[in-house]
Amino acid sequence: MKICVIGLGKIGLPLAAQYASKGFRVIGCDINPEVVDSINRGISHIRGEPGLDERIGDSVKKGLLSATTDTVKAVRESDVIVVIVPLVVDKEGNIDYSTIDSVTETISKGLKRDSLVIYETTLPVGDTRDRMIPILERSGLKAGRDFYVVFSPERVSSGVMFRYLREIPKIVGGIDEESTRRGVEFYKRVLDSEVISVTSSEAAEATKLFGMVYRDVNIALANEFARFCQARGLDVVEIIGASNTNPHSHILTPGIGVGGHCAPVYPYFLIKNASDLEIDLILAKNARRINDGMPEHAVNLLGKELKDLDGKNVLILGIAYRGGVKETFLSPSLSVIEHLKDRGANVYVNDPLFSKEEIEKLGVEFADLKNLNALDAVILVTDHKEYKNLDLKNLREKGVKVIVDGRNFLEKEKIEKHGIIYRGIGRS
Ligand SMILES: NC(=O)c1ccc[n+]([C@@H]2O[C@H](COP(=O)([O-])OP(=O)(O)OC[C@H]3O[C@@H](n4cnc5c(N)ncnc54)[C@H](O)[C@@H]3O)[C@@H](O)[C@H]2O)c1
């Protein structure tokens, strides 16, 4: 069995490495020639993924993994084709299909009889059957007769890929019974996790979206509780901790916002699916609104303490959307910066995973923690481990009067001991 993985990013490259580690010959495809060159030299371009560097080096050396920009040729040589390129939405929530459509068109040019095409990229319900198959059939082959198609959501997270690939059951839903059977057989050979079949590709697509909406709604609920606690003089962290001692309560963590390619994006897929059926997903829509409102809430907390933000120097800790990840897509930091600038503040940004040049490319001023300007306040957006032990004495000396802890990550007592006001999310 020869496997082709299309999209060698944070998820696709570890998947290719996983399949190769099971002894299968894997061809990775990407449009970025630098990514392809680096993999062919046995070097992973993805940082911060435990176990990835070794697996890539090892499988390239053994001749099990190679990479190419020639996707048509790779598809022609493969029995199983796994698609894991991004599908994103714009600011209005409109889905941008250009990448996945063009990848599917490319597959159709190399598709051969008996191949199994698997979509792992998160898709709206119905897209595997109604949008992808018509493009694949431009090959002249018929889905379900000449080739097989499965949707299998990727429910892992970058940074913990190999653990999650072992622990999280793989959901498989084909466009027909034979596709599902082949999909289940494939995953049993390449993964160590449990493999669960569902009755259709639509059920598999919905499985992923329901999980993502559940998460977004749950975080929005935690954020509502946080606002209540803030106004009522209570500590949301203490109360959620106490609530969750009940086995029926699984409240997630409030925070300054939800970013990245997944949580703030996929609810829009289901919202669109529902609206096509004339159903209004009120809860999902409001969760998006609440979570998108958290950066402004954090800036308002600061505004209350400093009275006026005009001309104030504010240091943002973290441009990444979550700790330990070098990714700024829909990061709450970007929204915090916008709100601060709207209110006339001077904004300086630090992130241990980004260079000065990378931060400046985003149109903001870089701050070196070892060489800070005079400051009035700090907003922590990203829970990078490097921020756990901030030099509070130095921050105080630079003039910091308030720290807004957007992730309830810092130690309140320590900060107050240095004469700095501490404001967490949902903590008075
Ligand atoms: N990132 C996560 O934590 C996560 C978690 C679960 C599921 N997913 C799913 O995985 C998908 C991919 O996420 P990612 O984080 O790996 O993205 P990524 O941006 O890290 O990588 C995408 C890769 O696809 C390549 N690419 C783009 N267009 C291409 C084309 N036409 N042909 C070949 N390659 C192309 C890019 O060059 C890049 O290397 C997401 O859209 C989502 O559906 C992601």
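Bear in mind these aren't lab numbers, they're just calculated from the coordinates by the rules spelled out. On a predicted model such as this, the values are computed, not experimentally measured, just so you know. Neighbour counts are summed over all protein chains in view; Cβ atoms, including those assigned to glycine, are modelled from backbone coordinates with ideal geometry.
Table for the structure above
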quantity	calculated
Rel. contact order, % - alpha carbon contacts under 8 angstrom, at least six apart, the stretch 287-378	33 percent
Amide H partners (placed H, <5 Å) of Leu252, local residues excluded	Ala222
Nearest-20 debye value, the stretch 294-424 charge dipole, Cβ charges on Lys, Arg, Asp, Glu	380 debye
Positive dipole terminus of the stretch 160-315, leading residue within Val314, Ser179, Pro169 (C-beta point charges)	Val314
Charge dipole of the chain about the Cα centre (unit charges at C-beta), most positive-ward option of Asn40, Gly399, Val149	Asn40
Cβ crowding within 10 Å averaged over residues, with 183-192, 88-97, 17-26, 252-261 ranked highest first	252-261, 17-26, 183-192, 88-97
Interchain or long-range residues, amide H under 5 Å from Val195's placed H	Lys170
Lys2 long-range amide H proximity, modeled H, under 5 Å	Asp79, Val80
Highest-first arrangement of 355-362, 50-57, where packing means the average Cβ count within 10 Å	50-57, 355-362
Fraction of beta bridges assigned by DSSP in the chain that are antiparallel (%, nearest 5)	10 percent
Ordering of 40-47, 3-10 by packing [mean C-beta count within 10 Å, highest first]	3-10, 40-47
Dipole magnitude (debye, nearest 20) for the chain, charges at Cβ of Lys, Arg, Asp, Glu	800 debye
DSSP-defined beta bridges in the stretch 2-201 - what % are antiparallel, rounded to 5	15 percent
Area projected by the alpha carbon convex hull of the chain, averaged over all directions, nm²	21.5 nm²
³J(HN,Hα) computed for each position of the stretch 177-188 - Karplus, 6.51 cos²θ - 1.76 cosθ + 1.60, integer Hz, glycine/proline x	4, 5, 4, 4, 4, 5, x, 4, 4, 4, 5, 5
Nearest-ten-degree value, helix 266-276 long axis tilted from longest Cα axis of the chain	70 degrees
Relative contact order of the chain, pairs being alpha-carbon contacts under 8 Å that are 6 or more residues apart, as %	11 percent
